[in-house]
Amino acid sequence: MLSVGLFVLAFLCPLLGAAIGSAVRRRLPQHHLDRDVIDVIKLAMGLMATVVALTLGLLISSAPSHHAMIEGEYKKIMASIVDLDQYLLAYGPETQPLRTHERHVAAHTFKRRWLDEDFGPTGPPSEDGPNRFIDGQRQLAQLQPANEAQRWFQHQALQISVELANLHWLVVSQQTATAPLVPIFILIFFSAIAIFAGFSLYAPPNATLLAILVLPALAIAGATFLVVELNNPFSGLLKISSQGAHGLMQTFARSF
């Protein structure tokens, strides 16, 4: 998993920097580590640490919003699917093939998001093509209402099908439009190496220094893990629950 790999890398990079700093300290002439030089190193490392902290803070603050937005829009999609099925059912028995098509498209869509889970029959591969929403709307438009009630249900179903297609593509576009996290984290990791190398120049290595440096390394690793997990809402440990999708498909199964 990407989040676990970046967590390990984020934890090891600061420790690597600390090891490099300790090795450099042993080889530097003593006048290179006098008080004035150490003060300048502290200022430089403090500035770099502030930039890294601000970057991680911005990523952490935006990641939960992205996760919550995708989850909310998927709930809207499921609610729209239920409404569409109810309107089709109210129209009459002639919409049974259209309801079956709707059920297969929903199963395909959920299966694409939660790859390892079963959402019931998905129908032929043709019902998962790029025109699956247009095909459903074409079948809806070709219905011949026999009265005003059927005409009203047809109109409402067409409106919901358009909204459903728009919501689906909105979620897809938002998932692919997230920040390029890997390049950002590469910069953060190199900065962490430099910061911890500077820290290790302050004092000779010992167990206490190592324990103190491990704590911020864990903090950076934990922040990295959270950002990656929350920016991948359909995978990982913090993925959006599929319970609502399963409940929807079970409702479909009982209504057929």
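Could you list, ordered by first residue, the pairs with Cβ atoms under 6 Å in which the first is in segment 1-22 and more than 23 Å from V228 (Cα to Cα) and the second is in a helix (DSSP H, G or I) and open to solvent by 40 Å² or more (accessible area, probe 1.4 Å), at least 6 apart or interchain?
Pairs found: none.
Can you name the residue in segment 156-183 that is modelled with pLDDT of 70 or more and of a type in the set (S, T, Y) and is also surrounded by the most Cβ atoms within 10 Å (Cβ to Cβ) among such residues?
S161
Quick check on this structure: which one of K111, K75 is in contact (Cβ under 8 Å) with a residue 12 or more places away in the chain, open to solvent by 70 Å² or more (accessible area, probe 1.4 Å) and within 18 Å of the chain's Cα centre (by Cα)? Spell out how you get there, then give the answer.
Working: K111 fails: in contact (Cβ under 8 Å) with a residue 12 or more places away in the chain.
Only one candidate passes the filter, namely K75.
Has segment 20-42 got any residue that is charged (D, E, K, R) and within 17 Å of P216 (Cα to Cα)?
Yes, that holds for at least one residue.
Looking only at segment 128-142, filter to residues that are open to solvent by less than 30 Å² (accessible area, probe 1.4 Å) and under 15 Å from L164 (Cβ atoms); which one of those is modelled with the highest pLDDT?
Step by step, filter segment 128-142, then rank; the result is L140.
Among the residues of segment 1-51, count how many are assigned to a helix (DSSP H, G or I), out of contact with any helix residue (DSSP H, G or I) (no Cβ under 9 Å at 6 or more places or on another chain) and hydrophobic (A, V, I, L, M, F, W, C).
4
Going by the conditions given, is Y87 open to solvent by less than 20 Å² (accessible area, probe 1.4 Å), among the hydroxyl-bearing types (S, T, Y) and at pLDDT 85 or above?
On the way: open to solvent by less than 20 Å² (accessible area, probe 1.4 Å): no; among the hydroxyl-bearing types (S, T, Y): yes; at pLDDT 85 or above: yes.
Answer is no for this residue.
If the requirement is being over 25 Å from H67 (Cα atoms), modelled with pLDDT of 85 or more and open to solvent by 30 Å² or more (accessible area, probe 1.4 Å), which of these qualifies: R103, R99?
R103
Checking the condition over 27 Å from V228 (Cα atoms) and assigned to a helix (DSSP H, G or I), which residue from L54, L59, L140 passes?
L140
Scan segment 195-231 for residues that are polar (S, T, N, Q) and either open to solvent by 60 Å² or more (accessible area, probe 1.4 Å) or on the phi > 0 side of the Ramachandran plot (or both) and report the count. If you could, list the steps in order and put the result at the bottom.
Taking segment 195-231 first, the residues polar (S, T, N, Q) are 200, 206, 208, 224, 231.
Filter once more, keeping what is either open to solvent by 60 Å² or more (accessible area, probe 1.4 Å) or on the phi > 0 side of the Ramachandran plot (or both): 206, 208.
Selection size over segment 195-231: 2.
The values are calculated or read from the model by the stated rules, or taken from the named source; none is laboratory data. No experiment lies behind these values; they were computed from the predicted model shown. Cβ coordinates were reconstructed from backbone atoms using ideal geometry, including for glycine residues, and neighbour counts include every protein chain displayed. Heads up: the accessible areas ignore ligands, DNA and RNA and are worked out on the full protein's heavy atoms, side chains in. Shrake-Rupley method; radii C 1.70, N 1.55, O 1.52, S 1.80 Å.
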